[in-house]
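The values are calculated or read from the model by the stated rules, or taken from the named source; none is laboratory data. Treat the numbers as computed from the prediction; the structure is a model and nothing was measured. We place every Cβ from the backbone using ideal geometry, glycine too, and count neighbours over all the protein chains shown. We work out accessible area using only protein heavy atoms, side chains counted, and drop any ligands, DNA or RNA first. Shrake-Rupley method; radii C 1.70, N 1.55, O 1.52, S 1.80 Å.
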4 protein chains.
Amino acid sequence: MLRIAVLGVGRIGRMHAENIVAHPRATLAGIFDVYEPSAKEIAEKLDVMRFESTEAVFASPEVDAVLIATSTPTHADLLEKAVAARKPALCEKPIDLSLDRVNACATKIAGSGVPIMLGFVRRFDSGHRAVREAVENGTIGELHQVVITSRDPGMAPAAYIEMSGGIFRDMTIHDFDMARFILGEEISQVSATGSRLVDRALMEKCGDYDTVTVVLKTASGKQCMISNSRRAVYGYDQRVEAFGSAGMAISENRTLNHLRLYTESGTDHAAPLMNFFIDRYADAFAAEISAFVDAVEQGKAPEVGFEDGRQALLLAEAAIRSAAEGRTVNTSEIG
Amino acid sequence: MLRIAVLGVGRIGRMHAENIVAHPRATLAGIFDVYEPSAKEIAEKLDVMRFESTEAVFASPEVDAVLIATSTPTHADLLEKAVAARKPALCEKPIDLSLDRVNACATKIAGSGVPIMLGFVRRFDSGHRAVREAVENGTIGELHQVVITSRDPGMAPAAYIEMSGGIFRDMTIHDFDMARFILGEEISQVSATGSRLVDRALMEKCGDYDTVTVVLKTASGKQCMISNSRRAVYGYDQRVEAFGSAGMAISENRTLNHLRLYTESGTDHAAPLMNFFIDRYADAFAAEISAFVDAVEQGKAPEVGFEDGRQALLLAEAAIRSAAEGRTVNTSEIG
Amino acid sequence: MLRIAVLGVGRIGRMHAENIVAHPRATLAGIFDVYEPSAKEIAEKLDVMRFESTEAVFASPEVDAVLIATSTPTHADLLEKAVAARKPALCEKPIDLSLDRVNACATKIAGSGVPIMLGFVRRFDSGHRAVREAVENGTIGELHQVVITSRDPGMAPAAYIEMSGGIFRDMTIHDFDMARFILGEEISQVSATGSRLVDRALMEKCGDYDTVTVVLKTASGKQCMISNSRRAVYGYDQRVEAFGSAGMAISENRTLNHLRLYTESGTDHAAPLMNFFIDRYADAFAAEISAFVDAVEQGKAPEVGFEDGRQALLLAEAAIRSAAEGRTVNTSEIG
Amino acid sequence: MLRIAVLGVGRIGRMHAENIVAHPRATLAGIFDVYEPSAKEIAEKLDVMRFESTEAVFASPEVDAVLIATSTPTHADLLEKAVAARKPALCEKPIDLSLDRVNACATKIAGSGVPIMLGFVRRFDSGHRAVREAVENGTIGELHQVVITSRDPGMAPAAYIEMSGGIFRDMTIHDFDMARFILGEEISQVSATGSRLVDRALMEKCGDYDTVTVVLKTASGKQCMISNSRRAVYGYDQRVEAFGSAGMAISENRTLNHLRLYTESGTDHAAPLMNFFIDRYADAFAAEISAFVDAVEQGKAPEVGFEDGRQALLLAEAAIRSAAEGRTVNTSEIG
């Protein structure tokens, strides 16, 4: 049993803590949160130890590994501390909003051999994985185009948006990782455009976009289109399409139930899409914990690591520059 | 070019006449209708000869074959005349509402060698045919169960219902033929039940049902369920499912267009189903004419002949008895 | 926290035990199984008490309620003991294969006020429930027809089949309950037919069928068709269709993932259906525990009780008689 | 009855000629083709007059209007002649591969008042039109993003590709028009990228691409993504998705029939997509003729006119420049 401590028990950290409790090969070694009332509540509810500080966590011989679900600005520091303490870590994305900070962190932890896994949970979705497998197995032949549709069910609160680092670093970053996952080769060119269509006032205030389109290209010419919106009223729209020389594989959306309705106004009417990521990717979050446990127990590199987090951020930087300058940006121009 | 005269130019006859005009290997030799204004209008519109009587049609050397789309009580007489005149005939279903009359007709035309084809148009639907092919090719292995859903989009006018011979002879008869088509072997047992749920008053007046369920069984144990309703508000519901030892084949419904709508109230919302048979089976009606032309030109037996019409009526009689007596009726008990 | 002991930890009992462990308002009070090695393994794995006998369970003040997942012949006895001990019970179906035994049990426990819930898990499936709600809310108007397709992914072992009481009591019983759930009124007539198409030799040996069709009718004329097969190679086929005066609601099947494949040989190809009930109805089993906890905690009658189990068995008896005698059987003729 | 002559009876011209024959308010006034054997064959088959020259067509008082389906380099000349002869014309796309030639033609025919319609047939597809209506009616709120997937079922012959003017002018041009149709406002920015993945050797020889992605943006920020490939092995992939503030509308693909297959290897397997445009857009081609007849008879501007053809070509030019220079091109830079 891998004893994992969870750092940060906001909405995501709490979900992870429950998944660890339910996991057959992991136990929850304890939790920490800077906001004490929250930490106390969760520790009591899950009947686990509450650590007083992250230092206490890293010092504890009862903790084999950590799951970092604190606020973004603390991720890089905690990763460095985890490596120093030789505790394998599963860290929520992004590593940091600053590519410089990420690069500095990379330098610091390089060669440590301590397993670091990045929380790009969508890689563990059974549908998206099946698309990746269809590419790897040659089921769809040589890959030519990837189309990723990724739209949130509703705009996040203004306070969140303002701190998010912008849509490319906050939201598209998942799609950049998905693109890399499906494409299976590094991306050389990025072309992005953004609009303010959902909440113009907020976007202008933040210098951000709520609706973006990104086109990626690999050196061999494979293309990937990403379509993002901060608000899809019909639910959390999460589709991945891979098109190749021998066919196409699509990971479809998931509706709230499996009912279909037929009335005078139409047929085959399904429920809205699942809303939001904690529900839509519930299975994937559980699978992610399993993958982390496997990597640590078997001493192998996690399926999605630090460098994947860095590459996704790098693509975000390229997209920001592309949208600002109205040109295709080569990834070699960035960091 | 096969020169075909159309007898009866009501809604169906007119549609057939237009299909003959459009057919590359057939021409419309003329039309006849007892209601002269209607005949005149169609003859003028399609720029073809109007015959003064059916006798004139059968006597004409310019007529190679006839399509009988007159009212049901005239079908058997016209078939007998067609055979006497040695004109191949494509006759709308049913041959007659009376099994005795059908049997008498059968005796009269037996051995003539004149091709008689019955208008069970659904056999020519590409989806339903693909189900039949999946059965014949062994794609779904040995056939075990057939499920036919067949619901009209709205109740026919009371005057029509009163003259229809009842739902089993008028509506289910298409499904009896479809069952025989898909099952590929004769039916030995019939079990039927009827209800009055759509228009109770009218049904009580006519001693008829508007909602029926029929279960058929072959000697080898293959089962077929038929579900009928006189009114499906979402359109003309026409599905055929064949289940076997190696899989299942389903012929799906057709919607008015290929739009899918996603809104706050739901996803994947399609248009209502096509309404009604002239639209839904437009391709099948055209293919039916082709099959008739092929049979006549190549001197082979039509794919669906007089005996198929008789067998379908026999199943209707068995269903009527089964529903009345609350028991499974062996088809050997009937005519 | 409701403290529930699980009696019988075979495949289903074990799954229930795990669901109780994971339930936020229930705890696993312990387990019992006549087969000691199995009991020891599970007790150790789940870290709970192992009871030496059912008597010990019923006597324990640490046990608030029981879940009966032992072999069928023990169900009625255990229910009687549970009632005597005033322990609410959630009992797997069927109560017993003998209607007489069920009736005797009913007499014995009548008026006790101890909540007894029957494990008709499909009532708790979100899709099937949504169909029921569409009926109750009037979304599809007045209900006219119900079509239940229920096919197992593969034949159970011969030893199981031989002890099962026959397909109507063992398999269709779930569909009888679903029919009652969706119809919302009692069934007055049953018409059934069976065939031996999947494994003729085994079926002949057991005097059983592997492929059956059942038609039910209520006093008001509502119709329900049930289609069963012991083996659907494409997976566990579980569909419920309700057709009414204002529309139709369908609870669709669930595939293993959400991939769709497009190749030269075809399009929109999905994975096989989930296989088998423990996976397909995983959510429903969890919801069933919640419903039991709710009923006990709130002192209200469980949503699906002893009488529902008795009625389903009564319909099975009627179906057996109908299939044997080739006639529609009135439920008033039975029990 | 509008008497229409067809110029050019290759594959498309012939299909148009047959549609005119079948049209209730149009007649085929005759045909012309520079290749005499072909012209003779069609004239005989359709039993219509064969003109000896285009001059003869334009001079004939028996010709009310013309349909131009000759080779691309002749389109502009014939349009000018048609206008000079005051014969309304329906002209296949593109007007010309050279924007200069198109602009010159525009100048020449300006203010003539002779109706000119461009053959952007996809505008008349019932599914795509339903998407446009969902945008216009406000069903999906304010439009934010459009996604057009448009993949041919197979590479055209090398000789065709070499003369085609390149993928943007030959294939994407349909999608540029569709984008304008759905967006409902002019496009200000174009960003395109192309790859050689299907037939690298041929593409290198022609300086062309076989796989392209284009992103369009309007002044108000609406975005449109176009995904093209010269070869989709599963058939002719033609989807249009419109996403807005209140929902999404998708025009789905069409399969060869309505069969769904379920076997051990998977479920819900549909036939390949229709192949190719003459089948897929058969209804649209017929509706296009109707729209032309309507426009001429009612003396109103055709729904899709010369300027639409010019704008689509202008977008193709912008895409070519964008792909070559790796930057977003403003449409104001072109023509």
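Nearest-to-axis residue of chain D, judged by Cβ, for the D-to-C rotation, with distance in whole Å?
D:His269, 2
Enumerate by residue number the GluC sites (Glu not before Pro) in segment A:117-191 meeting two conditions: DSSP loop (anything except H, G, I, E, B), and at most 16 other Cβ atoms within 10 Å of the site's Cβ. Display every interim value, and only then the final one.
Details: sites: A:Glu133, A:Glu136, A:Glu142, A:Glu162, A:Glu185, A:Glu186; in loops: A:Glu142, A:Glu185, A:Glu186.
Those satisfying the criteria are A:Glu142, A:Glu185, A:Glu186.
Using modelled backbone amide H atoms (1.01 Å from N, in-plane), which distant-in-sequence or interchain residues come within less than 5 Å of D:Thr255's amide H?
Sorted by chain and number, the residues that satisfy this are D:Met274.
Could you list which residues have their amide H under 5 Å from that of A:Leu2, counting only those 5 or more apart in sequence or on another chain, with H placed in the peptide plane?
A:Ala26, A:Thr27
Just to confirm the numbers: A:Pro61, label point 7 angstrom along the Cα-Cβ line, distances to the other copies in nm, shortest first?
Distances to the matching label points in the other copies: 4.2, 11.3, 11.6 nm.
What residues have an amide H closer than 5 Å to that of D:Val304, excluding those fewer than 5 places away on the same chain, when H is modeled at 1.01 Å from N in the peptide plane?
Those lying under 5 Å, H to H, from D:Val304 are D:Leu118.
Around D:Arg151, what is the net charge, scoring Lys/Arg as +1 and Asp/Glu as -1 over all other residues with Cβ under 10 Å from its Cβ?
Local net charge: +1.
In Å², what does the accessible area per residue of segment B:2-114 work out to with a 1.4 Å probe?
Heavy-atom accessible area per residue stands at 43 Å².
So what J values fall out for segment B:3-14 if you push phi through Karplus, 6.51 cos²θ - 1.76 cosθ + 1.60 with θ = phi - 60°, rounded to Hz, Gly and Pro as x?
8, 10, 9, 9, 9, x, 10, x, 4, 6, x, 4
Please give the helix C:99-109 orientation as an angle from the longest Cα principal axis of chain C, in degrees from 0 to 90, rounded to the nearest 10.
40 degrees
Please state the relative contact order of chain B as a whole percent: Cα pairs under 8 Å, 6+ residues apart?
Averaging sequence separation for qualifying contacts and normalising by length gives 20 percent for chain B.
Based on alpha-carbon centroids, what's the gap between segment B:179-256 and segment D:18-87 in Å, whole number please?
One Cα centre to the other: 52 Å.
Hull surface divided by four, with the convex hull built on the Cα atoms of segment D:52-172: how many nm²?
Details: hull surface 42.4 nm².
Convex hull of Cα atoms, orientation-averaged projection: 10.6 nm².
Using the 7 Å Cα-to-Cβ label point, sort the distances from A:Glu80 to its equivalents in the other copies shortest first and give them in nm to one decimal.
In nanometres, ordered from closest: 7.3, 7.4, 10.4.
Given a 1.4 angstrom probe, I'd like the percentage of the accessible area of the protein assembly as shown that is carbon and sulfur, rounded to a whole number.
The nonpolar share, carbon plus sulfur, comes to 50 percent.
So which residues of segment D:136-152 lose at least 50 Å² of accessible area, probe 1.4 Å, when you go from the chain by itself to every protein chain present?
Buried-area filter returns D:His144, D:Gln145, D:Arg151.
Let me check I've understood the local charge: for C:Phe32, count other residues with C-beta under 11 angstrom from its C-beta, Lys and Arg +1, Asp and Glu -1. What total comes out?
Its environment carries a net charge of -3.
Send over a whole-number figure in Å² for the accessible area per residue of segment C:186-281, probe 1.4 Å.
Working: 2820 Å² over 96 residues.
Per-residue accessible area for segment C:186-281 comes out at 29 Å².
Could you compute the FRET efficiency for A:Ala156 and D:Asn103, with r as their C-beta to C-beta distance and R0 at 56 Å, rounded to 0.05?
0.70
Would you kindly calculate the mean projected area, averaged across all directions, of the convex hull enclosing the Cα atoms of chain C, in square nanometres? Walk me through the numbers on the way to the answer.
Working: hull surface 75.2 nm².
Approximately 18.8 nm², given one-decimal rounding.
How large is the charge dipole for chain D, taken about the Cα centre, if only the Cβ atoms of Lys, Arg (+1) and Asp, Glu (-1) carry charge, to the nearest 20 debye? If you can, show how the numbers build up before the last one.
Working: 35 positive and 46 negative charges, 51 e Å.
The calculation lands at about 240 debye.
Can you run phi through the Karplus equation (6.51, -1.76, 1.60; θ = phi - 60°) for segment D:32-49 and list ³J(HN,Hα) in whole Hz, with x for Gly and Pro?
Values, residue by residue: 9, 8, 4, 8, 4, x, 5, 4, 4, 4, 5, 4, 5, 4, 8, 6, 10, 5 Hz.
Based on the Kirkwood radius over alpha-carbon pairs, what is the Stokes-Einstein translational diffusion coefficient of segment A:173-238 at 10 °C with 1.306 mPa s viscosity, in µm²/s? Intermediate results must be reported in sequence, preceding the final value.
Details: Rh = 13.1 Å.
Estimated via Stokes-Einstein, D reaches 121 µm²/s.
What's the angle, to the nearest 10 degrees (0 to 90), between helix D:172-183's Cα axis and the longest principal axis of chain D?
With rounding to tens, the tilt is 80 degrees.
What is the pair-distance distribution P(r) of segment B:59-117, computed from all Cα-Cα distances in 10 Å bins starting at 0, with each bin given as a whole percent?
Spelled out bin by bin, segment B:59-117 gives 24, 59, 16, 1 percent.
In the structure displayed, which of B:Lys222/B:Lys300; A:Lys45/C:Lys45; C:Lys40/C:Lys108; A:Lys217/D:Lys205; A:Lys45/A:Lys81; A:Lys205/D:Lys222 lie more than 26 Å apart, Cα to Cα?
Checking Cα-Cα distances, B:Lys222/B:Lys300; C:Lys40/C:Lys108; A:Lys45/A:Lys81 exceed 26 Å.
Can you list the equivalent-ellipsoid semi-axes of segment B:2-114, largest first and in whole Å, using the square root of 5 times each Cα gyration tensor eigenvalue?
Ellipsoid half-lengths, sorted descending, are 23, 15, 12 Å.
State the antiparallel share, in %, of DSSP beta bridges confined to segment B:2-114, rounding to the nearest 5. Before the final figure, lay out each step's value.
On the way: 0 of 14 bridges.
In segment B:2-114, approximately 0 percent of DSSP beta bridges are antiparallel ones.
In segment C:184-223, what residues drop by 20 Å² or more of accessible area when the other protein chains are put back, versus the chain on its own? Use 1.4 Å, and skip ligands and nucleic acids.
With the partner chains in place, segment C:184-223 has these residues losing at least 20 Å²: C:Ser191, C:Thr193, C:Ser195, C:Leu197, C:Thr211, C:Thr213, C:Val215, C:Lys217, C:Ser220, C:Gly221, C:Gln223.
Shortest first and in nm with one decimal, please list how far the B:Gly299 label point sits from its counterparts in the other copies (point 7 Å along Cα→Cβ).
Inter-copy label distances (nm, one decimal, shortest first): 6.2, 8.6, 9.1.
Where does the Debye-calculated log10 I(q)/I(0) of segment B:103-240 sit at q = 0.12, 0.21 Å⁻¹, using only Cα point scatterers of equal weight, no solvent?
Computed log10 I(q)/I(0) values: -0.57, -1.27.
Show me you know the interface measure: the accessible area buried between B and C, both chains summed, probe 1.4 Å, in Å² to the nearest 100.
The buried area between B and C, both sides summed, comes to about 3100 Å².
Give the accessible area for A:Ile289 in Å² (nearest 10); use a 1.4 Å probe, count only protein heavy atoms, and leave out ligands, DNA and RNA.
Solvent-accessible area, nearest 10 Å²: 0 Å².
Between helix A:306-325 and chain A, what is the angle of the helix's C-alpha long axis to the longest principal axis, kept within 0 to 90° and rounded to the nearest 10?
40 degrees
Report the far tail of the P(r) of the protein assembly as shown, meaning the percent of Cα-Cα pairs longer than 56 Å.
So the portion of pairs separated by more than 56 Å is 30 percent.
Determine the residues within segment A:272-291 where the difference in accessible area between the chain on its own and the full set of protein chains amounts to at least 10 Å²; count protein heavy atoms only and use a 1.4 Å probe.
The answer is A:Pro272, A:Leu273.
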